[in-house]
Amino acid sequence: MPVRQLPSNPSLDHLRYQAKDLLKGHAAHNIEAAQRIREFHPSFKNSSDAEIFSSQFRLADAQLAIAREHGLSSWTRLKVHVEKPKSSDRLKLPRHERIEDPLFRRAVDLLDAGDVAGLKAHLIQHPYLARQRVVFEGVNYFRNPALLEFIAENPIRHGTLPPNIVAVAKAILDAGADRSALNDTLGLVCSGRVPRECHVQLPLIDFLCDQGADPQSAMLAALGQGEFEAAAALIQRGALIDLPAAAALGRTKDFRRLLPLATSDDRHRALALASQFGHIEIVKALLDAGEDPNRYNPVGSHSHSTPLHQAALAGQDQLVRLLVERGAKLDMKDILWQGTPADWAAHEGRTELEAWLRAKQSAKPEP
């Protein structure tokens, strides 16, 4: 789920109140509170709602979750950010403008310009830059990137990539880049629209896989952002079609073959992805198998929302009706903006679907 953006002049007292409210939500067994704790408190990353509610959860835990929900690593770091901000704490600036190390910033500028010769010379003069990482706060990804990860233009900084970006990537790797960044870089390339729009996504996928990146590591990132051409390329490079992949791609035959032996986590993620992309037969099969349409989507799959939110956002009328018929709650609000599925439909201008959802929500239940 995206992090919550801090206001221009954040109040530490208000943030303390947020932590106390989260603590109260935990005590009240509120499922929204459980979802936020699961996503933002490292001790509860793989915990079920029941496990979260049965755990001891103190104010310090709530404060840590609130800090991480705003993209800061700890409550202490959040306090410093609020009370004594530095230039790098200007979170609205593009990432490259927040880099404090002028030599690393120069390397990124050369990368963005596609200046391979200049970048090679710079890395020869300062070889540690190929392995260095920078820290960005106030975000939920691209928090600690190496230089190589900037080749994906994800998050978007300029909105374009040089046509010779593969040669740029090769220059960074040849300079001794830490190859542990390969998988993260592949995930960024496969989930970003700029590489696709600049016609370098597929060449970068091939190059990174040739260099040792694991194609399986990027599948969820590609599927979650609807980058199906990238997903197909990853499959060609050896990525497996598991249940979530089959659900996202609408591969019904593969889905039905995989469903009987799928894990609970895979079924949960499959429901989120099939709902996002409107694969009604797959959603129906998952509901028939006992999946709950009122669980928030899993971490990494628009976890601030439910399947009904995603279906409404996409204007999938038949799927919306199926989910409602099968018990999806019309008044359930997303975690970030506190919008109902009808609000999400309205946001995308789905006026007829919005009206149908609001009529259903306001109708009195039959006796």
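Values quoted throughout were computed directly from the atomic coordinates according to the rules given, and no laboratory measurement underlies them. Only a predicted model underlies this, so the values are computations on that prediction, with no experimental measurement involved. We place every Cβ from the backbone using ideal geometry, glycine too, and count neighbours over all the protein chains shown.
Every pair of different Cα atoms in the range 244-362 enters the Kirkwood calculation, which places the hydrodynamic radius at 13.9 Å. Couplings 3J(HN,Hα) of the range 244-261, computed from phi: x, 5, 4, 5, 5, 8, x, 8, 4, 4, 4, 4, 5, 5, 8, 4, x, 9 Hz, in residue order, whole Hz [Karplus 6.51 cos²θ - 1.76 cosθ + 1.60, θ = phi - 60°; x for Gly and Pro].
Available extension along the chain between Asn30 and Lys284 is 88.7 nm, counting 0.36 nm per residue and deducting the alpha carbon span. The dipole here belongs to the range 244-362: it is taken about the Cα centre, uses +1 on the Cβ of Lys and Arg and -1 on the Cβ of Asp and Glu, and is about 260 debye. Annotation for Thr252 and Asp109: the two label points, set 7 Å from Cα along the Cα-Cβ direction, are 5.6 nm apart. When P(r) over Cα pairs in 20 Å bins from 0, in percent is computed from the coordinates, the matching label among (1) 29, 59, 11, 0; (2) 26, 55, 19, 0; (3) 28, 56, 15, 0 is (2). Subtracting the Cα-Cα distance of Asn9 and Asp174 from 0.36 nm times their residue separation leaves 55.0 nm of extension gain. Residue by residue, the range 66-79 carries 3J(HN,Hα) couplings of 5, 4, 6, 5, 9, x, 9, 6, 7, 5, 4, 5, 5, 4 Hz when phi is fed to the Karplus relation 6.51 cos²θ - 1.76 cosθ + 1.60 (θ = phi - 60°); x denotes Gly or Pro. Straight-line reach from Lys24: taking Cα to Cα under 16 Å and skipping same-chain neighbours fewer than 8 places apart, the aspartates and glutamates in range are Glu32, Asp49, Asp61.
Adding -39500 (n - 2.57) for every DSSP H run of four residues or longer, then dividing by how many residues the chain holds, sets the calculated 222 nm ellipticity at -15500 deg cm²/dmol. Calculate how steeply helix 182-191 sits against the longest principal axis of the alpha-carbon atoms of the chain, using the helix alpha-carbon long axis, and give the answer as 0 to 90 degrees to the nearest 10. Around 60 degrees separate the two axes.
Label sites at Ala167 and His347, each approximated as a point 7 angstrom past Cα along Cα to Cβ, lie 4.2 nm apart.
Under Stokes-Einstein, with the Kirkwood radius over Cα pairs as Rh, the value for the range 176-323 at 10 °C and 1.306 mPa s is 101 µm²/s.
Remark: the range 2-11, residue by residue, has Karplus-estimated 3J(HN,Hα) of x, 6, 7, 6, 6, x, 4, 10, x, 10 Hz, where x stands for each Gly or Pro and the curve is 6.51 cos²θ - 1.76 cosθ + 1.60 at θ = phi - 60°.
Contact order for the chain, expressed relative to its length and based on alpha carbon pairs under 8 Å spaced 6+ residues apart, stands at 10 percent.
Projecting label points 7 angstrom from Cα along Cα→Cβ for Leu93 and Gln236 puts them 4.1 nm apart. With the charge dipole of the chain set up from +1 on Lys and Arg Cβ and -1 on Asp and Glu Cβ about the Cα centre, the Cα lying farthest toward the positive end among the listed residues Leu271, Gly339, Pro102 is that of Pro102.
The tail of the calculated P(r) for the range 224-311, taken as Cα-Cα distances beyond 17 Å, holds 41 percent of the pairs. Extension gain for the segment Asp206 to Glu83, taken as residue separation times 0.36 nm less the Cα-Cα distance, is 39.7 nm to one decimal.
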